[in-house]
Amino acid sequence: MPSKSESNGSDGKSSSKVKSWTKGLLAHLVIVPAWVIPPGLLLGSLLTAGAPFGAKGLVATMGAGVGLMAGPKSLRPVLCALVILLASRAKKGIAMAGAVFASFLTWLVTRSGTISPKPWLFNFVSTWAKDYYTETALRGALHDIRPTKSFFGFHPHGCLCAGFTINGTYNPDFMRAATRVAWLCDNNLRHKNPGFQLMSEAYLAEDRAIEACDAEGFKLQMSTGVNVAFIPGGFLDAVAFEFGKDVCVLRSKKGFIKYCLQFGYRAHPVYTFGECETLLGYQLNSSEVGESIVSALAHLPCTPSQLCGFTESFVRQQQGAMSSALLMAALFAGAVASNVHGEQATDATDATDATALYMYDDPPLLLRCLWIAGSVCAVLAIGISIYNIKQHAACAALQGFGQDELISSFGARASRIMKLLLMPLTFSVTAAVQMFLPGAAELLSLLRTCQLALSMNVIIELLFIFNGSQKQIVTRLPEEPIPVYGKPPLCCIFGWSCCAQKVQLGHLRFFVLGLQQFMVILPVVALIDSFNQSYAETGIFAKIDMACGLVVTLSTLFGMWCFKCLLPLMTESIQKRAASKSTLDAMEQFLLLQMLFSKVMDKIMPLILKTDLHANNWTMPNTLFLQVVAGFLTCVLQLYLAHLGLRAYEAGPAMYPPVNFATDLPPDTMAVLDMGGIDPDKKPKAVDTSSSEVRAASEHVNVCV
């Protein structure tokens with residue numbers, strides 16, 4: 001076992017000090033809030049600035065927040081000015097304070113200067129932070145670390161990076177052994193988190209610095225020969241964290257090895273024992289846990305050529321009295337293995353690969369652009385949809401709906417229009433999530449499919465309501481023969497010899513049935529396909545997958561054709577009364593584009609985009625990259641459809657004519673009765689008051705009275 005001076009991780013002066021858990025907690029309260037609190041403060045201040053304007057204000061300020069976080073520095077002053085201008089129009093002090101504070105936080109990460117280093121920060125944290133834990137120790141071949149061109153890969157990330165921070169970044173013993181170290185962390189954390197940026201500037205000294213671990217940061221630091229340390233597992237390790245189990249995720253992470261080879265660096269795998277228990281350590285007093293929470297770091301010198309090939313005897317020569325558990329950890333880390341405890345870590349790695357969470361680790365510019373543009377389109381589509389829905393709710397309220405009912409309702413017409421306008425909103429939300437979580441694309445696609453299927457039934461009912469009743473639809477059908485089944489050659493698919501026919505009620509029922517089959521088949525087949533997806537490569541599952549695709553394609557084409565045939569027949573009378581030709585065209589496009597888009601994406605995108613997405617540290621398979629691109633394109637389409645909804649379903653007097661409830665029935669009463677199976681044209685039989693039975697009943701009633 002290592003000697004006491006080697007294992008306590010401190011010099012003789014600090015080893016004799018009295019341990020203080022309270023000061024250890026205070027040290028953590030200095031460094032932890034610096035990176036945890038500022039993002040919440042920015043979000044809260046933006047929400048405060050936009051809250052006086054309701055949903056529109058919140059959407060506007062959240063859009064500005066996305067621009068502040070993801071946009072270029074040159075755009076930040078403009079966005080801050082817009083937020084302040086918006087808050088000033090509210091004429092509320094709290095809104096203005098929120099806008100000013102958000103601008104101040106933005107200025108902290110945009111300014112060109114830096115604050116002066118604060119040596120007291122490092123001295124206080126490095127002296128007392130380790131006292132929060134039951135035991136901390138620094139062990140291994142510290143004497144064999146070269147003063148320059150040494151690379152330290154810390155494992156695992158864990159949930160809180162306690163080993164990287166306490167036994168690395170704020171450990172003077174490590175600094176003395178490594179001479180000078182550049183500690184590399186996430187670029188967004190380093191340069192877009194105001195609290196963390198201030199802490200990094202205060203941390204700076206001749207022998208230490210905290211910098212960004214993007215490609216430019218690696219090249220900048222390694223070009224000077226300074227020692228470099230970072231956590232290769234990154235976000236994936238944090239996602240795979242499980243209390244009490246050592247888990248490392250290191251798949252498709254080859255970028256740092258390339259840089260080591262390119263700049264001639266010597267790689268040192270570093271492992272923290274006890275990182276898997278740090279989350280509980282932050283939730284409970286460490287003395288209640290009983291075991292050490294951050295235990296040891298193992299440093300094993302290894303040149304790039306030896307990284308995957310050294311033997312146990314070599315390790316024993318280098319590590320001497322190192323314990324067997326520590327030795328095995330060093331072996332696993334030095335071999336750049338993707339796990340520490342076999343199947344546990346492998347399962348976690350497979351899970352993270354399935355959801356493509358590795359893409360958050362230094363994403364390439366193309367992926368960032370897709371995220372930013374798609375998110376902006378989604379936010380705008382959601383805002384436009386909410387605005388349009390509120391307009392229809394206001395018009396329905398003017399007609400007397402939506403007020404003082406036990407079961408809230410906006411009337412037959414407005415309720416159905418609002419359901420249709422929810423489509424761009426729902427599709428935008430799910431598509432935006434799909435961009436960031438492509439592994440969940442099957443589930444999100446199923447949600448969109450169900451929404452589209454429900455909307456098919458809604459559009460049939462809405463067209464029925466626009467016409468008033470079934471009788472009015474039939475009486476307004478064209479008298480002269482017309483191509484009922486669409487234009488040639490579609491009208492001849494089923495063998496009809498003559499395209500022009502007199503329209504009957506049976507034709508309408510046939511087209512409605514065609515839409516309803518799409519409404520039923522689409523979600524059912526989508527559910528089967530979602531369940532079958534993980535087995536779709538072999539055996540009967542591949543045939544089921546192929547059959548599902550064929551059925552959905554045929555059902556979609558047949559449903560679109562029925563809708564194209566039905567729409568002119570049911571809108572002939574509408575066009576004459578209220579709706580213009582452009583409005584009806586917009587109604588048609590609003591639904592047909594939704595039906596067509598998903599199939600186009602499924603069939604055409606794989607033919608156009610055949611490559612994987614390559615980044616510095618990982619490679620995203622083509623199947624997942626397609627889902628990200630499909631999510632982006634869906635967001636763009638929903639923005640167009642949300643704008644199209646403003647024309648297709650315009651809230652105004654034409655859509656909601658005024659009603660005098662003293663003399664008239666509520667709007668659409670006859671249509672609602674007819675859809676419910678009640679014929680409003682049928683009247684009760686007149687009663688013959690001259691019959692003897694009626695006279696006898698009347699006399700009996702009078703006697704009772």
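Any read-out appearing in this document is the output of simple, stated calculations on the displayed coordinates, not a laboratory observation. What you see is a predicted model; the values in this text were computed from it and never measured. Glycine also receives a Cβ, built like all others from the backbone with ideal geometry; neighbour counts cover every protein chain displayed.
Convert each backbone phi in region 88-103 into a coupling constant with the Karplus relation 6.51 cos²θ - 1.76 cosθ + 1.60 (shift: θ = phi - 60°), then list the ³J(HN,Hα) values in order as whole Hz, x for Gly and Pro.
5, 5, 6, 6, 10, x, 5, 5, 5, 5, x, 5, 5, 5, 4, 5
Find how much the distance from T553 to L673 grows on full extension, using 0.36 nm per residue of separation minus their present alpha carbon separation; answer in nm with one decimal. It would help to have the intermediate numbers written out before the result.
Details: separation 120, 0.36 × 120 = 43.20 nm, distance 3.55 nm.
Difference between extended and current length: 39.6 nm.
Apply 1/(1 + (r/R0)^6) to the Cβ-Cβ distance of R509 and T623, taking R0 = 51 Å, and write down the FRET efficiency to the nearest 0.05.
Once rounded, the FRET efficiency stands at 0.75.
Mind checking the full-extension length gain between A97 and V524? Use 0.36 nm per residue of separation minus the Cα-Cα distance, one decimal, nm.
148.5 nm
I need the per residue convex hull volume for region 384-483, using only the alpha carbons, in cubic angstrom as a whole number. Kindly include the intermediate steps, with their values, before the conclusion.
Numbers: hull volume 16.3 nm³, N = 100.
Roughly 163 Å³ of hull volume per residue.
Please work out how much length the chain gains when fully extended from V30 to M546, using 0.36 nm per residue of separation minus the C-alpha to C-alpha distance, in nm with one decimal.
Gain on stretching V30 to M546: 179.9 nm.
Residues with amide H under 5 Å of R266's amide H, sequence separation 5 or more or different chain, H placed in the peptide plane at 1.01 Å from N; which?
S150, F151
Step through the residues of region 56-65 one at a time and calculate ³J(HN,Hα) from phi using the Karplus curve (6.51 cos²θ - 1.76 cosθ + 1.60, θ = phi - 60°), rounding each to whole Hz and writing x for Gly and Pro.
These are the phi-based 3J(HN,Hα) values: 5, x, 5, 4, 5, 6, 5, x, 5, x Hz.
Modelling each spin label as a point 7 Å along the Cα-to-Cβ direction, I'd like the K219/A394 distance in nm, to one decimal.
So the two model labels end up 5.3 nm from each other.
Need one number: nm distance between label points at A654 and W107, each 7 Å from Cα along Cα→Cβ, rounded to one decimal.
5.1 nm
Quote the FRET efficiency, to the nearest 0.05, computed for A55 versus L365 with a Förster distance R0 of 25 Å and r equal to the Cβ-Cβ distance. Before the final figure, lay out the partial values.
Details: r = 33 Å, r/R0 = 1.31.
Calculated transfer efficiency: 0.15.
Using amide H atoms built in the peptide plane, which far-off residues or other-chain residues are under 5 Å from I482 H to H?
So I482 has HN proximity to Q501, K502, V503.
Quick one: what are the phi-derived ³J(HN,Hα) couplings along region 624-629, Karplus 6.51/-1.76/1.60 with θ = phi - 60°, whole Hz, x for glycine and proline?
Here the 3J(HN,Hα) series is 6, 4, 4, 5, 5, 5 Hz.
If you take all C-alpha pairs in region 123-255, what percent of them are over 22 Å apart?
Tail fraction, whole percent: 38.
Which distance in nm do the two modelled labels at L47 and K149 give, with both placed 7 Å along the Cα-to-Cβ direction?
Output for this residue pair reads 5.2 nm.
Ranked highest first by average number of other Cβ atoms within 10 Å, how do 411-423, 232-244 line up?
Details: 411-423: 22.3, 232-244: 20.2.
Top to bottom by mean Cβ count within 10 Å: 411-423, 232-244.
Toward the positive end of the charge dipole of region 153-277, about the Cα centre and with charges on Cβ (Lys, Arg +1; Asp, Glu -1), which of G158, Q221, A178 goes farthest?
Q221
Kindly provide the trypsin sites (Lys or Arg not before Pro) of region 152-257 that DSSP labels as loop, not H, G, I, E or B, and whose Cβ sees at most 15 other Cβ atoms within 10 Å.
Hits after loop and neighbour filter: K254.
Set the Förster radius R0 to 41 Å, insert the Cβ-Cβ distance between K254 and V78 as r into 1/(1 + (r/R0)^6), and round the FRET efficiency to 0.05.
The value I calculate is 0.55.
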